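Participant: Take this structure first; my questions come after.
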Amino acid sequence: MLRSAFPLVSHLPIRPRPPPVRPYAASAANPPPPPPPPPPASAYVHLPFCRKRCHYCDFPIVALGTSSPHGDGDDPRITDYIRLLLREVAATPPVSDDGFPLETVFFGGGTPSLVPPSLVAAVLDALRARFGLSASPEISIEMDPGTFDAAKLRELVGLGVNRVSLGVQAFQDDLLRSCGRAHGLREVHEAVGMVSSCEGLQNWSMDLISSLPNQTEEMWEESLRCTVEANPTHMSVYDLQIEQGTKFGQLYTPGVYPLPSETDSANFYKIASKRLCEAGYNHYEISSYCKTGYECKHNVTYWQNRSFYAFGLGSASYINGVRFSRPRRMKEYADWVQRLENGAWSHVSGNAGMKDMAMDVVMLSLRTAWGLDLRSFNKSFGRSLTESLCNTFRPFVETGLVIAMDMERRALHPSDLELDLQHEGGIGSRVAFIRLSDPDGFLLSNELISLAFSIISP
Amino acid sequence: MATATASRLAVPISNIRNFSIIAHIDHGKSTLADKLLELTGTVQKREMKEQFLDNMDLERERGITIKLQAARMRYIMNNEPYCLNLIDTPGHVDFSYEVSRSLAACEGALLVVDASQGVEAQTLANVYLALENDLEIIPVLNKIDLPGAEPDRVAQEIEEIIGMDCSNAIRCSAKDTAKSPLRALIFDSYYDPYRGVIVYFRVVDGTIKKGEKICFMASGKEYVADEIGVLSPTQMQVSELYAGEVGYLSASIRSVADARVGDTITHASKKAECALPGYSEATPMVFCGLFPIDADQFEELREALEKLQLNDAALKFEPESSSAMGFGFRCGFLGLLHMEIVQERLEREYNLNLIITAPSVVYHVNLADGETIEMLTPKEYIGPIMELGQERRGEFKEMNFITENRASVVYELPLAEMVGDFFDQLKSRSKGYASMEYSLIGYRESNLVKLDIQINGDPVEALSTIVHRDKAYSVGRALTQKLKELIPRQMFRVPIQACIGAKVIASEALSAIRKDVLSKCYGGDISRKKKLLKKQAEGKKRMKAIGRVDVPQEAFMAVLKLEKESST
């Protein structure tokens, strides 16, 4: 028994500790590290406040009402929450004692731009005190049109925020209204003007949603045109998901009028890919586009299956191989923070099963243009699983939904995968990566990834 | 245990009664059995649960009896102890084979008739079976408390139809044959993983003692009876069983083939001269392909079928392979319900994932199996029932009024028309009042064609069906349409064609999925997304890959669904 256990041990991904400052710019092109990942160098902070709930949203948010459009330093709901958040940060032990400062911080929501900059500063100070911040961290914040002015933006940039994600969603007043957004087109243009002209802010992103009710192809083309004109460094294009329990969930059925048909909706996705790539953006992840070098480093952490801290209501962390989602209700979240402080709750290191780890790697890496690193997968999960995965994808390599790539991520001919599969242990000799094609493979990612799941866990 | 043995010995052999209960499904047989168990104190009131003898989960859920069960009850009358062995029997038409087995082990039978409904075809068939076996029959009118009960009418009906005096007295004798060589008839058996095959039998002649060396006359195999006992209704060890008694034995028998139902047990040292007449083999009526979804489960499926067969003598199977479905078995069942029960038992008790193909009947080239079917119905449903007979290519044979209000309608029709949903249709068209009985009459000549189905260009034998030439086009069209509904769309376009030989007679196509993407991973929370993808993966695992197409179980039953929809 013992003897047979040793080879297994040597397969365990025990990695030499990475250097304290990780070269992020290059990391996007590197294979995802095998699990479990090194200590977190990223932190997600959830700021749940919104003026009102959008009709498609099922997120843990706190609707403030419209009384204080630019946020209000005195709103006790905000100050109380920030106090709770600071307690959670203070009670969270760093995974590593030495030399792992945060490389990325992401303020997500909700509508983080509703929180007064002084409180954002307090959170950043707490993170810096607890975990340290690297010399040039990426600090992102989500902002919605109509919730900030130029002064507030300057103040945030002054605190070190260097990346803004602007929640535009659409360039048509009718569409914005119908999905319950708290802003109109005028606020969109104002916000774009402020963000693109803000001194000290080179990196900003814009969100759009496709397949909204009553959205036509013309409207979608118009939104994409306006986006390209605004020239952000990054774009997130989301396909509307109809979630249970939302207003849209009650009103609409996917693919049924007034929602676009499945064919139209697929077409919107293809149009976005075409227009944005023509405009010089790289489609680096299913719903993300960027100018070269402007990948969202924080999100890349997720796709590469690396660990990250998370703080705040309903947020999900991935520490020591354990994914944990905090309570989504304020009362329960407050109780949980209390338990964390009392030491009654700890981020224990858990042993996620190999199958689950393999699923995470496949599910996350196949969302990206870099694809799945077969050699690294082979090393972590064994040759037979890697081969069955390739065998399963083989017909889709032939039909062009899946692309086999060499070490330099150049697309290979399908026959190269055949040749690798014909030789025992041949996987990895020609084909080093497989990815889903853009846009056809990305569009069917659920089908293709769940197919891989059924192989990993038969 | 000691007291149990002592009190058992106090019962004179002349006071042993082996009996079964004949009743139509739902006429209250299991309830009556429960009451007998309770009144004789066999089962304490607090242990009592409904349908005590139906100990398969499946039996309780469906409210039916599938396996026959035996229970020994003690009863004191006029200071005389009696031993009553109740052999409970299934009521559904599919399980008449089990009924015939249990009747052969009895001297008497209670004929239970629902006083609010009357005599049903199935009941009648079993009564005749009992009369053939020389059983004493005591009519029991049940459910007289119901508002619609008409005991007088039903009693009259019994007298008219069966010709039986409804004030019949009990008369029973167990022959005293303790001195003759042992002959005991095996009427059931099952496999216990710890004790081997457990055999249920009735001692006809002689006695059997614990520790004796016994011989199974048909197989010639000899074993030592390690344990013998009675069914009370759970197994209770005894040291000896006498002629007339029903019991069980275990003898570390590893193979069912050594102790087949119908075989005779005798002593190895003092063999009986001839075996008892055994039961006739059950004839399967419906044949289906049974294939594991995961090819690796083929051997497990074989073992499971072997074990089930031990417990279910009517189940027949032989290996079958098909290019589309891989390795599996062609199985014979008594009817559709029997088929469903076997499938469910295989999935639940043996943890197998199965694809079962639509039932078909055995064809000889150009000849179709035929049968006569007798349906009993209240007179107001004669019309709809004759319509059904006509629709199913039936040839009307005769109609008799059994009583003023009930008629018997006889048709000859191809078995293929019956194996689908005929019984369900009969019930729905008569609001549940009609019942039926069928028997095979042999092969008839017919103008038939084989309708093949191709999915994505691959022929799928499991979906092939034999139809009358006149129906080929309409069935082909309906079947391709139904398959289009049942097979989920794939990542590519999938043509579905019905062909006769090389000629395509109907064609449909599944369009390719255009989009299936989850776009946003909010704040790195991948758990929900992963759950959805896992669920999607589970769905794929429940399907059978035919070429590159994932086909769900329902699709293999498409032919059946077709009939249901076209006739309702």
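Every read-out reported here was derived from the displayed coordinates using simple, explicitly stated rules and does not represent laboratory data. Keep in mind it's a predicted model, so treat the numbers as computed, not measured. So basically every Cβ, Gly included, is an ideal-geometry build from the backbone, and we count neighbours across all protein chains shown.
Participant: Apply 1/(1 + (r/R0)^6) to the Cβ-Cβ distance of B:Arg542 and B:Lys450, taking R0 = 30 Å, and write down the FRET efficiency to the nearest 0.05. Intermediate values should be presented prior to the final figure.
Facilitator: Numbers: r = 29 Å, r/R0 = 0.96.
Using R0 = 30 Å, I get an efficiency of 0.55.
Participant: For A:Lys297, which lysines qualify as cross-link partners when the Cα separation must be under 26 Å and same-chain residues fewer than eight apart are set aside?
Facilitator: A:Lys152, A:Lys270, A:Lys274, A:Lys379, B:Lys520, B:Lys529, B:Lys530, B:Lys531
Participant: Counting only other chains, and only Cβ atoms inside 10 Å, what mean value do you get across the residues of A:360-372? Present the calculation step by step, with values, prior to reporting the outcome.
Facilitator: On the way: counts 3, 0, 1, 7, 5, 0, 0, 6, 0, 0, 0, 0, 0.
Across the residues of A:360-372, the mean count of other-chain Cβ atoms within 10 Å is 2.
Participant: Still on this structure, I have one more. Step through the residues of segment B:475-489 one at a time and calculate ³J(HN,Hα) from phi using the Karplus curve (6.51 cos²θ - 1.76 cosθ + 1.60, θ = phi - 60°), rounding each to whole Hz and writing x for Gly and Pro.
Facilitator: 5, x, 5, 5, 5, 5, 5, 5, 5, 4, 6, 8, 8, x, 5
Participant: Still on this model: Let's test this: bin the Cα-Cα distances of segment A:187-279 at 5 Å from zero up to the farthest pair and state each bin's percent.
Facilitator: Taking all Cα pairs of segment A:187-279, the binned fractions are 3, 12, 23, 19, 16, 13, 9, 4, 1, 0 percent.
Participant: Right, next: Calculated FRET efficiency, A:Ala344 and A:Asn231, Cβ-Cβ r, R0 35 Å, to nearest 0.05?
Facilitator: 0.10
Participant: Working from the pairwise distances between different alpha carbons, so that the mean of 1/r is found and then inverted, what is segment A:93-169's Kirkwood radius in Å? It would help to have the intermediate numbers written out before the result.
Facilitator: Working: mean 1/r = 0.0762 Å⁻¹.
Taking the inverse mean of 1/r over all distinct Cα pairs, segment A:93-169 comes out at 13.1 Å.
Participant: How do A:His234, A:His189, A:His183 line up, fewest other C-beta atoms within 10 Å first?
Facilitator: Details: A:His234 24, A:His189 15, A:His183 21.
The order, fewest Cβ neighbours first, is A:His189, A:His183, A:His234.
Participant: Can you compute the label reach from A:Lys270? Point 7 Å from Cα along the Cβ direction, backbone N cut-off under 14 Å, restricted to segment A:427-458.
Facilitator: A:438-444
Participant: Let me know the Kirkwood hydrodynamic radius for segment B:372-439, please, with Cα pairs as the basis and the value in Å to one decimal. Spell out each step's value before the answer.
Facilitator: Working: mean 1/r = 0.0865 Å⁻¹.
Taking the inverse mean of 1/r over all distinct Cα pairs, segment B:372-439 comes out at 11.6 Å.
Participant: For segment A:199-213, what does the Karplus curve 6.51 cos²θ - 1.76 cosθ + 1.60, with θ = phi - 60°, yield as ³J(HN,Hα) per residue in whole Hz, taken in order and with x for Gly and Pro?
Facilitator: Along segment A:199-213, the couplings run 5, x, 10, 9, 10, 9, 10, 10, 9, 10, 10, 9, 6, 6, x Hz.
Participant: Want the number for A:Ala279 to A:Ser118: 0.36 nm per residue separation, take away the alpha-carbon distance, what's left?
Facilitator: Values: separation 161, 0.36 × 161 = 57.96 nm, distance 3.76 nm.
Result: 54.2 nm gained on full extension.
Participant: Then there's this: Which value in deg cm²/dmol, rounded to the nearest 500, describes the helix-derived mean residue ellipticity at 222 nm for chain A, given -39,500 (n - 2.57) per DSSP H run of n ≥ 4 and division by the residue count?
Facilitator: Working: 18 runs with 190 residues, N = 458.
That calculation yields -12500 deg cm²/dmol at 222 nm.
Participant: Over the whole of A:439-446, what's the average partner chain Cβ count within 10 Å per residue? Rounded to a whole number, please.
Facilitator: Working: counts 2, 2, 2, 3, 6, 9, 6, 10.
Per-residue shielding by partner chains comes out at 5.
Participant: Sticking with this one: So what's the gap between the Cα centers of segment A:433-450 and segment A:129-199, to the nearest angstrom?
Facilitator: Between the Cα centre of segment A:433-450 and that of segment A:129-199, the gap is 31 Å.
Participant: In what sequence do B:Lys307, A:Lys274 fall when counting other Cβ within 10 Å, fewest first?
Facilitator: Lowest count first: A:Lys274, B:Lys307.
Participant: Could you tell me which Cys residues in chain A have no other cysteine's Cβ under 4.7 Å from their own Cβ, answering none if every one has a partner?
Facilitator: Flagged as lacking a Cys partner: A:Cys50, A:Cys179, A:Cys198, A:Cys226, A:Cys277, A:Cys290, A:Cys296, A:Cys390.
Participant: Mind checking which lysines have their C-alpha under 22 Å from B:Lys450, skipping anything on the same chain fewer than 8 residues away?
Facilitator: Those lysines meeting the cut-off are B:Lys471, B:Lys482, B:Lys484, B:Lys503, B:Lys561, B:Lys564.
Participant: For segment B:292-315 and segment A:363-384, compute the distance between their C-alpha centroids and round to whole Å.
Facilitator: With segment B:292-315 and segment A:363-384 each reduced to a Cα centre, they are spaced 39 Å.
Participant: How do B:Leu185, A:Leu421, B:Leu241, A:Leu84 rank when sorted from fewest to most other Cβ atoms within 10 Å of their own Cβ? Kindly include the intermediate steps, with their values, before the conclusion.
Facilitator: Values: B:Leu185 23, A:Leu421 15, B:Leu241 26, A:Leu84 18.
Sorted ascending by nearby Cβ count, the order is A:Leu421, A:Leu84, B:Leu185, B:Leu241.
Participant: Just tell me which lysines come within less than 27 Å, Cα to Cα, of B:Lys270; anything on the same chain fewer than 8 places away is out.
Facilitator: Partners found: B:Lys175, B:Lys179, B:Lys209, B:Lys210, B:Lys213, B:Lys221.
Participant: Starting from the Cα coordinates of segment A:312-433, work out the convex hull volume and express it per residue in Å³. Intermediate results must be reported in sequence, preceding the final value.
Facilitator: On the way: hull volume 15.4 nm³, N = 122.
It comes to 126 Å³ per residue, whole-number rounded.
Participant: Treat each spin label as a single point 7 Å out from the Cα along the C-beta direction, and report the A:Glu218 to A:Ser384 distance in nm.
Facilitator: 6.0
Participant: Looking only at Cα atoms, what is the convex hull volume of chain A per residue, in Å³?
Facilitator: Values: hull volume 71.4 nm³, N = 458.
With only Cα atoms used, chain A gives 156 Å³ per residue.
Participant: Relative contact order of chain A, please, whole-number percent, based on alpha carbon pairs below 8 angstrom and at least 6 residues apart. List each step's numbers first, then the result.
Facilitator: Numbers: 799 pairs, mean separation 73.9, N = 458.
Taking the mean separation of contacting Cα pairs over the length of chain A, I get 16 percent.
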